[in-house]
Amino acid sequence: MTFKRLVKRPLKYEITIMQTPNPGDRNGYRQVYKMSLKGHSHSDVISQVFRNFNVSDRLPKDFHARYVGTRDIILIDEGTRGKYYYKLLSGGWKPVQLHSHV
């Protein structure tokens with residue numbers, strides 16, 4: 001008897017990195033980079049972003065901002081399924097609701 005293992009295909013996510021002009025600022029976020037990534041979950045693509053945007057050899061040539069760090073925000077846009085925001089806090093990436101002051 002042959003069993004086929006069902007493997008979930010990675011999804012394509014639209015990712016936006018948002019930073020303030022100065023590290024540690026609590027408002028004034030702006031888009032600093034946008035890309036598409038494939039991954040199995042939000043956690044997966046957030047980990048990819050953190051790994052790739054914190055090592056100088058992995059930074060894309062067209063990235064002109066600082067390393068991803070505390071209080072930076074990652075927007076995961078799933079089109080009709082919604083937009084999800086995650087902020088890097090001292091305990092890791094946490095989902096956040098954005099308000100007009102961000």
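Points to keep in mind about this one:
- For the options 61, 83, 34, a Gaussian network treatment of the chain with springs between C-alpha atoms closer than 10 Å singles out 61 as fluctuating the most.
- Long-range amide H partners of residue 33 with built H, under 5 Å: 17
- Neighbour net charge for residue 41 - beta-carbon separation under 14 angstrom, K R +1, D E -1: +3
- Max mean-square fluctuation residue, GNM over the chain, Cα-Cα springs under 10 Å, options 81, 58, 66: 81
- Principal-axis tilt of helix 42-52 within the chain, Cα atoms, nearest 10 degrees: 60 degrees
- Summing Lys and Arg as +1 and Asp and Glu as -1 over all other residues whose Cβ lies under 10 Å from the Cβ of residue 71 gives a net charge of 0.
- Charged neighbours of residue 20, selected by a Cβ distance under 9 Å, balance to +1 (K, R count +1; D, E count -1).
- GNM top mover of 62, 77, 44 - the chain, alpha-carbon springs below 10 Å: 62
- Calculated over the chain, the projected area of the Cα convex hull averaged across directions stands at 9.0 nm².
No value in this document is a laboratory result; all are computed from the given coordinates. These numbers come from a predicted model, not from an experiment. Don't worry about glycine lacking a Cβ; one is built from the backbone with ideal geometry, like all the others, and counts go over all protein chains shown.
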